[in-house]
Amino acid sequence: MNDPKTHPVEGWAEVDFNSEPFLTDFKEVYQGMHNSRCPFAHSSSGDHYAVASHSEIMSILKQYDVWKSKYGPALDYLETPGVLVSVDPPDHTFEVRIVADCFSREVFNSLVPDMEAFVNARLDEVSGSGEMDLHDVISVPFPLFVIHKLLGYPLEEPDGTSRIGFIRDGIIAGVGMMLQPSGSREENMARLPADDPGLLGAVRTQQMYVDHLADCKAKLESGEWQNDTNIVCRFLTTPGPDGSFLSDEKILGFMGFLETAGSATTTIMLSNVVHRLLTEPGAYERVCRDPALIPLAIEETLRLDAPVQGLFRTNDEPVDLNGCPLEVDTKVMLLWAGANLDPEVFEDPMSFSLDRDLSKVRRHLAFGYGTHFCRGAPLARLEGEILLKALLPRLKNLRLNGEVVMEKRIPVLQGIRHLPVAWDL
Ligand code: HEM
């Protein structure tokens with residue numbers, strides 16, 4: 001094992017970002033970091049530092065020449081070529097341009113009728129029963145349905161069985177390892193027993209991508225599909241600045257990244273916002289009376305319950321982090337969820353309020369900032385709005401109906417895993 005690049009620092013918090021106590025009380029930990037006026041931490045498991053100050057994170061993200069994404073957003077040092085969040089300009093500029101073409105307002109708006117139909121069909125299935133686990137029935141499948149629409153392959157096998165189970169197993173295993181204190185994610189995946197559902201899910205999902213890529217190539221060749229039929233066709237047919245095309249490896253990487261980034265995060269956001277509405281006094285009644293508050297409810301939930309706790313950067317040159325000298329290539333975790341509770345930026349940051357100014361709430365960093373700002377942010381917001389606009393008028397007197405279970409299998413993500421709700425019949 002290499003010598004550690006980091007060590008405990010006097011006056012900084014010492015935090016185990018993988019531990020059960022942290023995952024239960026992370027907001028109190030961030031609050032403590034802010035209150036100590038030194039919102040920096042050293043991780044006691046895994047060799048990295050972490051920053052929760054909104055202004056420090058913004059400052060890091062603005063120093064594009066120093067702070068890099070090339071080793072990937074996780075704690076391990078990526079060895080194989082990554083995509084988007086693991087790439088710096090100028091390569092990133094080309095990659096993000098292709099994604100931006102596919103993620104335009106027009107493309108998102110064209111999905112709206114299918115998205116509304118999907119949510120309403122789910123509600124049709126359960127509305128007569130008076131209860132459901134909203135997380136399983138809607139929050140998990142809805143974002144996967146949307147990302148599969150964009151990628152252009154169905155969520156069902158040819159025999160009609162759902163692919164959601166194995167896709168989710170693969171995602172949970174992969175993202176669950178992002179904060180593993182040692183070994184690369186590939187190595188850690190390879191160490192799983194051969195019958196581990198996460199490993200099996202990842203392998204099956206990868207095969208699904210390989211098959212879809214071959215299908216897109218064949219259908220483009222035969223003229224059955226066009227360059228803009230789906231995102232994969234666009235990847236295959238958009239030349240880079242030097243006229244070359246993305247390799248198969250890169251395209252498979254895009255598919256994996258988009259499926260994960262577009263679903264695991266949004267799944268958590270959807271359950272979180274419904275949970276907030278059902279637990280904050282008066283919030284549900286206010287939003288039912290005035291649906292114009294829906295965007296603010298979503299944004300305030302993203303601020304207070306950011307689905308992604310934090311992601312990493314490394315420094316390309318020696319730097320001083322608040323008095324602590326950092327060796328080149330030190331992993332530093334930018335704590336989006338911590339920045340969103342920074343009292344320097346958000347008044348009374350721990351409280352959920354539908355009286356905040358939307359433009360001020362949008363200073364939250366749940367979608368990151370700068371070069372790598374989330375390209376799917378408008379889509380995630382749209383999914384939240386479509387869900388709430390369908391759910392609130394249809395299910396009367398919606399309320400919690402049992403134990404809300406938090407997601408602890410994926411330390412880098414935080415939010416809800418089971419959300420039992422009931423309504424009047
Ligand atoms: C609530 C839901 C979501 C959250 C909280 C979220 C969060 C984030 C964050 C924090 C980043 C910044 C990464 C960094 O700076 O290292 C990011 C990047 C990204 N997200 Fe999202 N995301 C969400 C939904 C989506 C969706 C629905 C999609 C697409 C279907 C998507 C696609 C992307 C892409 C493509 C990037 C990479 C941008 C780049 O590197 O240029 N995200 N997301």
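For the range 1-109, state which chymotrypsin sites (Phe, Trp or Tyr not before Pro) are in a DSSP loop and have at most 15 other beta carbons lying within 10 Å of their beta carbon. Answer in residue order: Tyr64, Tyr77. Here's how it looks for Glu407: its modeled amide H is under 5 Å from those of Gly415, Ile416, Arg417, which are all 5 or more places away or on a different chain. The range 67-161 gives an Rg/Rh value of 1.11, both radii derived from C-alpha positions and Rh following Kirkwood. Let me make sure I get this right: for the range 107-265, a, b and c are the square roots of the gyration tensor eigenvalues over alpha carbons, sorted descending. Under 1.5 in a/c it's rounded, otherwise prolate if a/b > b/c, else oblate. Which is it? Verdict is oblate for the range 107-265.
Close amide H partners of Leu321, meaning residues 5 or more places away or on another chain with modelled amide H under 5 Å apart, are Leu326.
Bridgeable aspartates and glutamates around Lys68 (alpha carbons under 19 Å apart, same-chain partners fewer than 8 residues away excluded): Asp47, Glu56, Asp76, Glu79, Asp88, Asp91, Glu95, Asp316, Glu317, Asp320, Glu327, Asp329.
When +1 charges are put on Lys and Arg Cβ atoms and -1 charges on Asp and Glu Cβ atoms, the dipole computed for the range 37-196 relative to its Cα centre reaches about 700 debye. Given the pairs Lys217/Lys331; Lys219/Lys408; Lys70/Lys219; Lys27/Lys70; Lys62/Lys250; Lys219/Lys389, which are separated by over 31 angstrom at their Cα positions? Lys217/Lys331; Lys219/Lys408; Lys70/Lys219; Lys219/Lys389, as the Cα separations exceed 31 Å there.
Among Leu78, Gly282, Asn340, which residue has its Cα furthest toward the positive end of the charge dipole of the chain, with +1 on Lys/Arg Cβ and -1 on Asp/Glu Cβ? Comparing the listed Cα positions along the dipole, Gly282 ranks first.
The phi torsions of the range 21-34, fed into the Karplus equation with coefficients 6.51, -1.76 and 1.60 and a -60° offset, translate into couplings of x, 5, 5, 7, 10, 4, 5, 5, 5, 5, 4, x, 5, 5 Hz, rounded to whole numbers, with Gly and Pro shown as x. Once the convex hull of all Cα atoms in the range 1-140 is built, its volume per residue stands at 206 Å³. Counting only DSSP H runs of at least 4 residues, each contributing -39500 (n - 2.57), and dividing by the residue count of the chain, the helix-based mean residue ellipticity at 222 nm comes to -15000 deg cm²/dmol.
The rule of thumb for compact globular proteins, 2.2 N^0.38 Å, goes into the C-alpha radius of gyration of the chain 0.98 times. Using only the Cα atoms of the range 270-327, build the gyration tensor, take square roots of its eigenvalues as a ≥ b ≥ c, and label the shape rounded, prolate or oblate: rounded if a/c is under 1.5, else prolate if a/b is larger than b/c, else oblate. Judged from the Cα gyration tensor, the range 270-327 comes out prolate (a/c at least 1.5, a/b above b/c).
Here Lys149 is the anchor, and the aspartates and glutamates within straight C-alpha reach of less than 15 Å, apart from those fewer than 8 places off in the same chain, are Glu106, Asp114, Glu116, Glu157, Asp228, Glu259, Glu383.
Under the criterion of Cα pairs below 8 Å and six or more residues apart, the relative contact order for the chain equals 23 percent. From the Cα gyration tensor of the range 235-366, with a ≥ b ≥ c the square roots of its eigenvalues, which class applies: rounded if a/c is under 1.5, or else prolate if a/b is larger than b/c, or else oblate? Judged from the Cα gyration tensor, the range 235-366 comes out oblate (a/c at least 1.5, b/c at or above a/b). Sparsely packed loop sites in the range 349-403 (the GluC sites (Glu not before Pro) outside DSSP H, G, I, E and B with at most 12 other Cβ atoms within 10 Å) comprise Glu403. For the range 1-91, applying the loop criterion from DSSP together with a ceiling of 11 other beta carbons within 10 Å to the trypsin sites (Lys or Arg not before Pro) yields Arg37. Normalising the average separation of contacting C-alpha pairs (under 8 angstrom, six or more residues apart) by the number of residues puts the relative contact order of the range 10-165 at 10 percent. In plain terms, the chain from Asn322 to Arg362 could stretch by 11.8 nm, reckoned as 0.36 nm per residue minus the Cα-Cα distance. Here the 3J(HN,Hα) profile of the range 121-131, calculated from phi with Karplus coefficients 6.51, -1.76 and 1.60 at θ = phi - 60°, is 5, 4, 5, 4, 5, 9, 4, x, 8, x, 7 Hz, Gly and Pro shown as x.
Rule-based calculations on the coordinates, nothing more; no lab input. This is a predicted model, so every value here is computed, not measured. Here Cβ is always computed from backbone atoms with ideal geometry, including for glycine, and neighbour counts include all displayed protein chains.
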